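Read the structure below first, then the notes.
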Amino acid sequence: MEHETPNYGDYQLEVYLRGLTGVREDLPFTFAELEARAHATLPPDIVSYVAGGAGNEYTQNANVTAFDRWGVIPRMLVGAARRDLSINLFGMALPTPLLLAPIGVIGLCAQDGHGDLATARAAATSGVPMIASTLTVDPLEEVAAQFGETPGFFQLYNPKDRAVAESFVSRAEAAGFKGIVVTLDTLQLGWRPRDLKLGNFPQLKGHCLANYFSDPVFRTKLAKPPEEDVRAAALVWASELSDPTLNWNDLAWLRSLTKLPLLLKGICHPEDAKRAIDGGIDGIYCSNHGGRQANGGIPAIDLLPTVVEAAGGAPVVFDSGVRGGEHIVKALALGASAVAIGRPYAYGLALGGEDGIVHVLRSLLAEADLLMAIDGYPTIADLNPDALHARA
Ligand SMILES: Cc1cc2nc3c(=O)[nH]c(=O)nc-3n(C[C@H](O)[C@H](O)[C@H](O)COP(=O)(O)O)c2cc1C
């Protein structure tokens, strides 16, 4: 039977055929070039915020290099002419195993300052769902309006005032989001030397706070509307951003926020994964926030297998350090149900807007797909720990 899904590797043929007509792709094919060119394009304070990590950035860098410990074992003559990279996540049929990780300043990475909308349009074009951050330039309703047929997720930073959290989630439900991701690793902001050096925190300037400033419950906390005094409104936001006392006793309340699939982001320990699932959470999001929060030293990919085991079959989304197709393949083989892309798409957006994001996603998918073709793993189900060899 013919697969419905395309071979994503065919993107290279498209590029080579265009090359025959003298047209070269302007956007980069490696993360190194993507990063260098985006850094040259973006304003310094945005580069600092996007590229910077916690402490000396050891964890952030190790997130990427840790993938090198694993090698994919080539298998021959298995019949991998056609591949199927589609997945089913919470009953949603998705054409690829990728998601767009929530990125709080993605709005500012676009040349027109509306990167949330561009990301949502890229999600519509590519079929790769966007997990929209709480911290957007445009309100969540306007972001969701761009999703087309692609489902979207809303990421919640849980504010101090539960009424604001409840308002955000009910707005997300009304806007048509299909799942909620609550981020747990940012109850406090991590120590980020690059931003500290510039004295730079974009949200304190009033950026990316549209969800708050458009929220009827949040607005009751303001002496003056943000349209009149954005600085004062941003300070109220800073004091309300996150409830640092959130703990496992609040799990039932978190669960009660929505009937939509609910994921907890930042889970890296098997006991935490089990506790979440036992408490009625639908999915685990294994991530160390790309090493931006705690510089503890353990790459997220090293923690993924035990988290997957503890999740007991519940979906596990993974991110942190994914830079190429091989990383996607390895994360899937180590048990991830879906893999979220972070910085690479922010840089694609900076260079080429919506098309830049689509190019980055197509390139990542092409590289993953061709690796699966060449090494003989035609479907995601074929990717399991036996497909990998751990080098000493
Ligand atoms: C600039 C930037 C902003 C981010 N903002 C958020 C956010 O608003 N909410 C969230 O849950 N995670 C946020 N993250 C973390 C990402 O969702 C993801 O975990 C991380 O980017 C993965 O690491 P990587 O980009 O190095 O692969 C942010 C990451 C970056 C780089």
Can you confirm whether Leu251 is out of contact with any His (no Cβ under 7 Å at 6 or more places or on another chain), more than 24 Å from Pro97 (Cβ to Cβ) and modelled with pLDDT of 95 or more? yes
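Residue-by-condition table, conditions (1) within 22 Å of Leu184 (Cα to Cα); (2) at pLDDT 95 or above; (3) among the hydroxyl-bearing types (Ser, Thr, Tyr):
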{"residue": "Asp84", "(1), (2), (3)": "no, yes, no"}
{"residue": "Ala93", "(1), (2), (3)": "no, yes, no"}
{"residue": "Leu98", "(1), (2), (3)": "yes, yes, no"}
{"residue": "Gly104", "(1), (2), (3)": "yes, yes, no"}
{"residue": "Leu108", "(1), (2), (3)": "no, yes, no"}
{"residue": "His114", "(1), (2), (3)": "no, yes, no"}
{"residue": "Thr119", "(1), (2), (3)": "no, yes, yes"}
{"residue": "Ala124", "(1), (2), (3)": "no, yes, no"}
Since Ile103 meets every condition but one in (1) among the hydrophobic types (A, V, I, L, M, F, W, C); (2) outside any helix (DSSP H, G or I); (3) away from the ligand (no atom under 16 Å from the Cβ), which condition does it not meet? (3)
Among the residues of the stretch 90-105, is there at least one that is among the polar types (S, T, N, Q) and within 17 Å of the chain's Cα centre (by Cα)? yes
Considering Ala120, Ala144, which residue is surrounded by 20 or more Cβ atoms within 10 Å (Cβ to Cβ) and within 16 Å of the ligand (Cβ to nearest atom)? Ala120
Residue that is closer than 25 Å to Gly127 by Cβ and within 14 Å of the ligand (Cβ to nearest atom), where the choices are Phe201, Phe154, Phe177, Phe168: Phe154
Identify the single condition in (1) without any contact (Cβ under 8 Å) to a residue 60 or more places away in the chain; (2) not in a loop (DSSP other than H, G, I, E, B) that Pro151 does not satisfy, given that it satisfies every other one. (2)
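Specify the residue that is farthest from Ile374 (Cα to Cα); the eligible residues are those in the stretch 293-319 that are within 12 Å of the ligand (Cβ to nearest atom) and touching a Leu at 6+ places or on another chain (Cβ under 9 Å).
Initially, the stretch 293-319 is screened for residues within 12 Å of the ligand (Cβ to nearest atom), giving 293, 299-301, 317-319.
Among the residues that remain, those that are also touching a Leu at 6+ places or on another chain (Cβ under 9 Å) are: 293, 301, 317-319.
Working: Gln293: 37, Ile301: 23, Val317: 25, Phe318: 24, Asp319: 25 Å.
Across the stretch 293-319, the extreme among qualifying residues is Gln293.
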From the residues in the stretch 206-255 that are touching a residue at least 12 places away in the same chain (Cβ under 8 Å) and basic (Lys, Arg), which one is nearest to Ala273 (Cα to Cα)? Arg255
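The values are calculated or read from the model by the stated rules, or taken from the named source; none is laboratory data. Bear in mind that the values here come from a model prediction, so they are computed numbers and not experimental data. Don't worry about glycine lacking a Cβ; one is built from the backbone with ideal geometry, like all the others, and counts go over all protein chains shown.
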